[in-house]
Amino acid sequence: MREVFLVSLLFSLGFSPGLGQAQILKKPIPDKTVVLTFDDAPASHYAHVAPLLRERGFGATFFVCEFPPNHADSSKYMNWRQMQALDRMGFEVANHTHTHAPVGKLLKDEILNQIEYIEGKMDSLDMGSPVSFAYPGYSMSETVLDVLEEKEYRIARAGGSRVYDPLNDHPYLLPSWATDDTNEQVIFDALTKAKDGKVVILTLHGVPDLEHPWVNTSPELFGRYLDYLSENEFVVLSLLDLEEFIDFEEAARQLSPDFSKPLKN
């Protein structure tokens, strides 16, 4: 809290709180800033999650992909018209590869094909061009980072179960906590770490997740999270919304990717 107060005071007086910090931070990040991200495009994101988020005025990032051959089964996964509707609602719709591919094991051309498929589908539906990426299964490599830079992505989310520090974490290696029905207390404990210029990013899958029960978050548990965020006046954003506070391009210039930090949950 003291760090954020001092940064805010220095900004208001026109002083830089350290050259690098002033360049990366456009303005201080409020305490209780949380980012919600949703992976894999299960049908519950459109039918259940989005309406609840809109009721509360919460932002979120939806990382979409297609799970062959099941993507055509609308009882389990969103179709592209539903993904388009999320975009029209004002949510960030972002890239999780075509087939939820383990991109860290692929060659550059294969990575490009996976990423450009989603870009092409979004372009054909007049959706916003994706600038955020999430690593399927937290599979990553230096080659993937090179492709993201070449494609001018600004943000990429990993795992790691730790808080995001914009002054130390490279924009292509943003950490997050993944929720499921077994770690409720872990998530509530994580939310208390959203302070002192740090951001808590949560990764959720289906609410519920019919095909991948090991990453299921029940509607009841999800409701408890949303109630807690509302009642305690958290700032709930998409990844892209963080650009109000963080210059991701400057952060990428100043910070080197550090694969030694925890990046998988």
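The values are calculated or read from the model by the stated rules, or taken from the named source; none is laboratory data. For clarity, every value in this text was computed on a predicted model and none was experimentally measured. We place every Cβ from the backbone using ideal geometry, glycine too, and count neighbours over all the protein chains shown. Each accessible area value is taken on the protein alone, full model and side chains, heavy atoms only, with ligands, DNA and RNA left out. Shrake-Rupley method; radii C 1.70, N 1.55, O 1.52, S 1.80 Å.
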Residue list for the stretch 196-251, filter: within 20 Å of Pro130 (Cβ to Cβ), charged (D, E, K, R) and touching a helix residue (DSSP H, G or I) at 6+ places or on another chain (Cβ under 7 Å): Asp247
Evaluate the stretch 241-264: report whether one residue or more is modelled with pLDDT under 95, open to solvent by less than 20 Å² (accessible area, probe 1.4 Å) and assigned to a loop (DSSP other than H, G, I, E, B). yes
With the condition kept exactly as written, say whether any residue in the stretch 52-75 is aromatic (Phe, Trp, Tyr) and more than 19 Å from the chain's Cα centre (by Cα). yes
Could you identify the single residue in Met78, Met122 that is out of contact with any helix residue (DSSP H, G or I) (no Cβ under 7 Å at 6 or more places or on another chain), open to solvent by less than 10 Å² (accessible area, probe 1.4 Å) and of a type in the set (A, V, I, L, M)? Met122
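Looking at Phe222, is it aromatic (Phe, Trp, Tyr), touching a residue at least 12 places away in the same chain (Cβ under 8 Å) and either buried (at least 21 other Cβ atoms within 10 Å of the Cβ) or not in a loop (DSSP other than H, G, I, E, B) (or both)? Spell out the reasoning first.
On the way: aromatic (Phe, Trp, Tyr): yes; touching a residue at least 12 places away in the same chain (Cβ under 8 Å): yes; either buried (at least 21 other Cβ atoms within 10 Å of the Cβ) or not in a loop (DSSP other than H, G, I, E, B) (or both): yes.
Yes.
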Any residue in the stretch 34-43 that is open to solvent by 20 Å² or more (accessible area, probe 1.4 Å) and among the hydroxyl-bearing types (Ser, Thr, Tyr)? no
